Structure formats: structure tokens, C-alpha cells
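Heads up: the structure comes next, in C-alpha cells.
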């Protein structure tokens, strides 16, 4: 009995951990001008972010091809996987889940089960880690699925944006919906929960947005898993991690991850935040 | 005239009963006398900022009240009082206007179901008026219009023990109110400091004084004239927008000409040749002139050639019109709000400020602010128009708070007034609007958010005064922090420097500069440069507020 875990690169599982836990990561595409790059393979995050401000037109992102998923599923099956658990970005926010679903239909013989994390970046990634650890510990596919399902409602991603420019340029957000306006400098704090993006605070200064975010995070403590995420903002991320140190579960490594360009293009440089799974009852 | 019957009754030696028509006349007389003295009331402003509009606010409130009964034939005094109270309630603007409307409401309560009233009814109604007035404010302060009406009510209760003559009781009430007014500076230190008596109290005394003058046979002519010329002198609100947006005769000129053997037809003919919208009324010794002209000097010089010219009012209607047109419609609706969600009705003047509020999710912006307080009715209507039952009102000015609360009390909707005192406070509060949240919780969060920001304002002093150790000369630049006068001087740069210091700019992260209508973008840019030079660590954001009177409004966090 061998359960293999598959995910996409926008779930932000760090490559070292993916290798260690035998997680297969399917890269998403980043389109810069007329060029399309496989994220993490053909395009390094640092390089991408360094140039983000000067890319014109603004980069876009695309889900992996159906065929890429089919190929991975078939390869894993051929290598002896008895079950494949493919865990992805929120289907409400990204086409990746659907591409994986179609890929599973193409790879007819592969025993694929799909799971919609209803999350983005490491919010999805922490669920992937939960699944991979459970698989390594010998849990059955049903047990793992039950664990994931139960955790979705406890999983949240918080992010404070330094600039609204990227969100604006990426064209992904309805301004009226978020009431962010276009006239004033506003630093929103966003929360992603169960497949929906919500602006949970609108403030004028970074100091206050960090305060607000920490306050909100604290309201969901204690945590089973907690990680700091950022878009090309290692210094702010370090600061945030220090201020939230007491919230990290005992004995856990203080995971800090740079957010995938697939999501970072929308959030903009300087965004920092948390991905977390609250402790269960 | 038919009115004569009632006039005779009023001035008869013993006046024992007052009916609805007499009350109507009294109210009209109060309005006329207040009209004559509204500018004086405006001048009794503690702060030398252009919000000295207590007189205007009370006048507009009183006009709205009397407007309901202007042509009424109703003889039932309770019904007339009810109409007056209703008119005042709908037209109430500014804190003093709202308190005046409360006083009229109290009187109406006392007169309810009475076809005629006697002195006991009057005393009772004054008691109700004082009670209702105090009930209209959250924290009653002595040394204000409240003290004046309360003492008037005390006196009424006392006077009815001595006489059944309404005239006697009214005289005693007026006398006592005047005495209370004189003592207001002893009760309220800020008045003493500014060397003025309370403006709202003064407005009320003028109304009572007008009534008594009428009882004594005065004001008849003014009251008739008021009816005939009232519309011609109405504010520019009624102006149609001409083709091309330019008025042929942009200056509205009004004055009173006193002389001997004046030939009114000749004067009218001459004045009419100078422009349009001519109104020339009066007799051979006093003529009131109103005309729209290209050159305001012409009618004035002509007037001076015939006699003594007084009460000169010259207004530039072109600017007023641009104001109004620029801000039309008064209530603009934008962001969609779904039934069940929370809508925000914000008060702001200036197209830029209105846009900012809308961009942050305000559903309706009521045009108004400093020196232009919207009425209870305007706020009420905005609340009524938003398609949801939950509404938060942001007055953004301490003088609009009571009108907002009065509007709230008129509504069947769930309305919470978040007491923002300045534009930056309102903007700060807007950021905490959660349309899907719990109304009370959201309002509490917004109120808390308003405290995050420190407001600085720069305007021009409307008079000379020494207040809180700041010496101000009329016409100088003055700076206010959170509504308190803190600096003054002839030079904008210096006033700004002082203001920034008082705003503790060195500890701030961000300052938003909203520049007013009288300021060019270049001038505003220079102010931004100055702030950036002094405080290189502070981020400066420049926005076109378009507000009148205030050159700059600053919000610092």
C-alpha cells in the first residue's frame, strides 16, 4: 500500500520539505510578456520579484496543463503508487484544481483522489504537509481525507499588503467589493478562509496593519501549525516572526516561506502574513 | 386686512387668550427680528474660524418652521404649534438650530389639544420647552441657549402667579432670558475668554424680542415685506445654470437706502437699467434695493448719491454657483449596498472629499460642512434613500452632530451616529466599515478608528481674538489641532510649521493633506515639500479635497 501526495507549486511547500516527504510538486506557469515559464524550474522566485516592478505588461499566471497532471499521475502509478492524493489551491480562486481533475480523467488507470484545500499559498501547503506526514505514518486514504476535511475550517491565511498597485494591475480584485478605493494610501489586511478572500482591516500605516494582523492572528490561537509567508520581504517577515514567536506551537520549526510568484504577483512586493491551522478541540 | 382683527386682539390692554393665528403672527415676528440680527449672532462666534453660522443656522431653522404656517388660516393654537415644530424639526441645522427645534417641539407639546391658550398653558409649555431642549443634547452645558430657555421657563412659572395677561408674562420671560444671556460668560469660561455672550442664547432672545415687539405693535411692515421679498433674496441655490456656465450679472447687491423725498419709481427704473432680478421696495424715506449686476459699484454709487446707504450685502454668485454646480446633486449615491448590509451616510463638502468617502464605500454623501451645515431633513432623506435598514451616519463636524442625531431619531431604520468631528476622523472611521458586520459593533470599531488620527486645519481668522493664549488678528492664517486653536500668523509657512509641531509630526508615519478649493495644486505641492523637508521620515499624501473655507486639512497617523 503506497499513498503518493501530489500538489502544485502555488501551495508553497518548500522544495526541501517536499523532497523529504516525497511530495510531487507540479509547477504552475508564470507568463512574462510572451514568454511562459514553469515556476520554480525555469524561473527563480528571487529573480522574478527583483524584476516585478519593471515587467511590462504585468505578469500573469496560469494553471499547469492538464497533460502535466496526467503525466505525473501516470508516472507515479507506473512506479507503484496504489493511491494518489492530489491536493490543490482553492478551486474558487484558481483553475489549478480543475486542471488536476481533468488530468486525472485523462490518466484513466491512475487511482487519483483530489482534495480542494479552499486555500492559497502555504495555507494549502500546511494541509499538504499534514497529508504527507500522515501518509508516511501509514494512515489510510480515508483517514487522511477525514483529517484534511476537518482541518479546512481551521485553516487561514492572513496577509498585509504594502501596496495596492499589484492587486490593481493584476486585475483580480473588484474594488467596489473590497472598498479599497483608489485615492488614499490604504494598507489592507486580508484573510483567506474557506475559499474566500476577505479584507478584514483597512488601515493607513504599516505599523497599524501589523498590529491589526497580529491581533487577529492571536484570536485564532493556539495553533497546530503556523508559518510566516512573504513576498520579497525577508526583513518584515523576520520582524513578524519575532513578534509572533509566542504563538508558534512548541517544538515546531519556525517556518518562513517566500510566496509563489503565482500569488505574489497579485499581492505585490512587501506583502507579509501568516498561514495557520488552529488547534482542534 | 383680515389680520387686523387679530392684531387688535394682541395689542388690546388685557391679552388673556392666544389663538392659532396670533401664534402664527408671533412666530413670524420672531423670524423677522432674528433675520435682522442673524449677522450679529454669527459674529458671536467663540472661535475665529468661518463657522460662525449660529445665526444663519437658527434663521434657516426658524424659516423652515414659519414656512409651514406662512399662509395658514388655522385658528387652533395646538395645531399651529405642531406645524411650527414639524417645520423646525425638518429644517433644523447646526446644534443651535436643533436645540431651537427642540424648544418649538416642547412648546407644541405644551399647547397640544388647546384651541386657545392662557398664561398657565404658556408657562406649562415653556416648562416643556426647557425640558425638551435639555433632552436634545447628550451633555447639557450651562451658559448656553439651554440656560436661557430654562430661566425663561422659571420666570414664566413665577409670572403667572402675578398676572393673567399674556403680554405681561412674555415681557417677564424676555427680561429674564436677557439677564440669563448676559450671565452666560460667567457660566462658560470659553465665552469669557473670547469676550462674547452665547450666540445660540442670543438668537433665542432675538426671537422672543421680535414676538414682544409685535405685541407692542411693531414689525408689521417688516412682516409684510418679508412675505413679498423673501424669495428674491433667497440664496443662490435657486439659480439656474446658464449656458456656458457664466452669469451675465454675477454680483448680487443688496442695500438699504435712507433719505428724504425718495422717488421709488425713479430709483427702481435706474437700478433696473443696471442689471436684472431687480427688487426695489419701500417708501419715500427708506428703500430696500436688490439687484444682480456686472459691477457692484454702480448701484452703490447711485445709492450714495441719493442718501445714506446701509446694510450692504454684495455676493459673487458666479463663485456660489460654481460651488453648487460643482457639488450637485447635494446627495449623491454610489457604492451599491444590499438590503441587510450597513450603509454609510457621510457629510462632506468639496467634490474631492465626497469622492474619497465614496471610494471608501460611503453609500451617500450629504453636501455640507463648515459654515454650511446640512439640515436634519437633508440627512434624514439621505438615510431614507439608501436601500437598507442599517445606516451609520458620519457628521464629520461637531456642529452637525445634533442634526445627525435628530435625523436618526426621525427614522424607523436602525441608525447609529458615529460622532466624527473632522474629515480625517471620518475617513479614518470609514476604513473600519464592515458592511456585513453587526451594526453596533461596526459603529464601535469606527468610533475607535476615528481616534487613530490627529486633525490639523488651516483657515483664515474671521475676527480678532485672544484664545488659549493665542493672539489672532482678523484675516490672519490660523491653525487648529483637533478643533482647538493653536497658532496664528500672517504667513502660511510659519503657521504650518507651528501646526505640524503641535500635531507631533515627528512621531507620525503618514500625513494626508487635503487641499481646499481656494488652493492651487502648485501651492499645495509647496506645502508637501515643506512637510517633507522638515519630516523626511513621514510619508506625505496629497489629495484635492475641494473643501471651502479651509485651505488645508491634515490627517496624521
Mind listing just one residue for me: the one in segment B:425-439 that is more than 10 Å from chain A (Cβ to nearest Cβ) and surrounded by 21 or more Cβ atoms within 10 Å (Cβ to Cβ) and, of those, nearest to residue B:339 (Cα to Cα)?
-> B:429
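Evaluate segment B:170-187: report whether one residue or more is touching a strand residue (DSSP E or B) at 6+ places or on another chain (Cβ under 7 Å) and surrounded by fewer than 24 Cβ atoms within 10 Å (Cβ to Cβ).
No, there is no match, as no residue in segment B:170-187 is touching a strand residue (DSSP E or B) at 6+ places or on another chain (Cβ under 7 Å) and surrounded by fewer than 24 Cβ atoms within 10 Å (Cβ to Cβ).
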Considering segment B:196-205 alone, what residues qualify as being surrounded by fewer than 24 Cβ atoms within 10 Å (Cβ to Cβ) and either within 18 Å of the chain's Cα centre (by Cα) or modelled with pLDDT of 95 or more (or both)?
-> B:197
Qualifying residues in segment B:347-362 (those that are within 12 Å of another protein chain (Cβ to nearest Cβ) and modelled with pLDDT of 90 or more) - the one surrounded by the most Cβ atoms within 10 Å (Cβ to Cβ) = B:362
Inspect all residues belonging to segment B:447-456 and state whether any of them is touching a helix residue (DSSP H, G or I) at 6+ places or on another chain (Cβ under 9 Å), surrounded by fewer than 17 Cβ atoms within 10 Å (Cβ to Cβ), within 13 Å of chain A (Cβ to nearest Cβ) and without any contact (Cβ under 8 Å) to a residue 40 or more places away in the chain.
-> yes
Residue B:280 surrounded by 18 or more Cβ atoms within 10 Å (Cβ to Cβ), outside any helix (DSSP H, G or I), within 30 Å of the chain's Cα centre (by Cα) and at pLDDT below 75 = yes
Just name the residue that is nearest to the other protein chains (Cβ to nearest Cβ) out of those in segment A:155-172 that are surrounded by fewer than 18 Cβ atoms within 10 Å (Cβ to Cβ) and either part of a loop (DSSP other than H, G, I, E, B) or at pLDDT 85 or above (or both).
-> A:163
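Residues are listed down the side, and each one gets a yes or a no for (1) on the phi > 0 side of the Ramachandran plot; (2) surrounded by fewer than 14 Cβ atoms within 10 Å (Cβ to Cβ); (3) in a strand (DSSP E or B):
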position: A:19; (1), (2), (3): no, yes, no
position: A:24; (1), (2), (3): no, no, yes
position: A:61; (1), (2), (3): no, no, yes
position: A:64; (1), (2), (3): no, no, no
position: A:67; (1), (2), (3): no, yes, no
position: A:81; (1), (2), (3): no, no, no
Test: residue A:92 is at pLDDT below 95, over 13 Å from the mean Cα position of the chain (by Cα) and in the same structural domain as residue A:211 (by TED's automatic domain parsing) | no
So residue B:440, is it within 23 Å of residue B:139 (Cα to Cα) and in a helix (DSSP H, G or I) = yes
Run residue B:517 past the list (1) surrounded by 20 or more Cβ atoms within 10 Å (Cβ to Cβ); (2) not in a loop (DSSP other than H, G, I, E, B) and report the number of the one that doesn't hold.
-> (2)
So which of B:337, B:344, B:366 ends up being in a strand (DSSP E or B) and either at pLDDT below 90 or more than 14 Å from every other protein chain (Cβ to nearest Cβ) (or both)?
-> B:366
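Every residue, every condition in (1) in contact (Cβ under 8 Å) with a residue 60 or more places away in the chain; (2) within 30 Å of the chain's Cα centre (by Cα); (3) within 14 Å of chain A (Cβ to nearest Cβ), yes or no:
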| site | (1), (2), (3) |
| --- | --- |
| B:486 | no, yes, no |
| B:489 | no, yes, no |
| B:493 | no, no, no |
| B:503 | no, yes, no |
| B:512 | yes, yes, yes |
| B:516 | yes, yes, no |
| B:519 | no, yes, no |
| B:527 | no, no, no |
| B:536 | no, no, no |
Is there a residue in segment A:100-109 that is in a loop (DSSP other than H, G, I, E, B), surrounded by 13 or more Cβ atoms within 10 Å (Cβ to Cβ) and outside the structural domain of residue A:137 (by TED's automatic domain parsing)?
-> no
The residue from B:210, B:217 that alone is part of a helix (DSSP H, G or I) and either within 24 Å of the chain's Cα centre (by Cα) or modelled with pLDDT under 90 (or both) is B:210
Test set (1) at pLDDT below 85; (2) in a helix (DSSP H, G or I); (3) touching a strand residue (DSSP E or B) at 6+ places or on another chain (Cβ under 8 Å) - residue B:288 fails condition number | (2)
In segment A:193-223, the residues that are over 17 Å from residue A:154 (Cα atoms) and assigned to a loop (DSSP other than H, G, I, E, B) | A:204, A:205
Which condition number does residue A:87 fail, the rest of (1) within 16 Å of the chain's Cα centre (by Cα); (2) within 26 Å of residue A:270 (Cα to Cα) being met?
-> (2)
Residues in segment B:547-554: is at least one within 14 Å of chain A (Cβ to nearest Cβ), in contact with a strand residue (DSSP E or B) (Cβ under 8 Å, 6 or more places away or on another chain) and modelled with pLDDT of 95 or more?
-> yes
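Among the listed residues A:89, A:102, identify the single one that is within 29 Å of residue A:231 (Cα to Cα) and touching a helix residue (DSSP H, G or I) at 6+ places or on another chain (Cβ under 9 Å). It would help to see each step written out before you state the result.
Details: A:102 fails: within 29 Å of residue A:231 (Cα to Cα).
Criteria check complete, one pass: A:89.
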Please find, within segment A:46-59, the residue that is surrounded by the most Cβ atoms within 10 Å (Cβ to Cβ) out of those that are touching a residue at least 40 places away in the same chain (Cβ under 8 Å) and not in a helix (DSSP H, G or I).
-> A:59
Listed residues B:272, B:252, B:222; which is surrounded by 14 or more Cβ atoms within 10 Å (Cβ to Cβ), over 30 Å from residue B:467 (Cβ atoms), at pLDDT 75 or above and in the same structural domain as residue B:176 (by TED's automatic domain parsing)?
-> B:222
Do you know which of the residues in segment A:236-262 that are part of a helix (DSSP H, G or I) and touching a strand residue (DSSP E or B) at 6+ places or on another chain (Cβ under 8 Å) is modelled with the lowest pLDDT?
-> A:262
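The values are calculated or read from the model by the stated rules, or taken from the named source; none is laboratory data. Predicted model, so just to flag it, every value in this text is computed and none were measured. All Cβ positions, glycine included, derive from the backbone under ideal geometry; neighbour counts span all protein chains shown.
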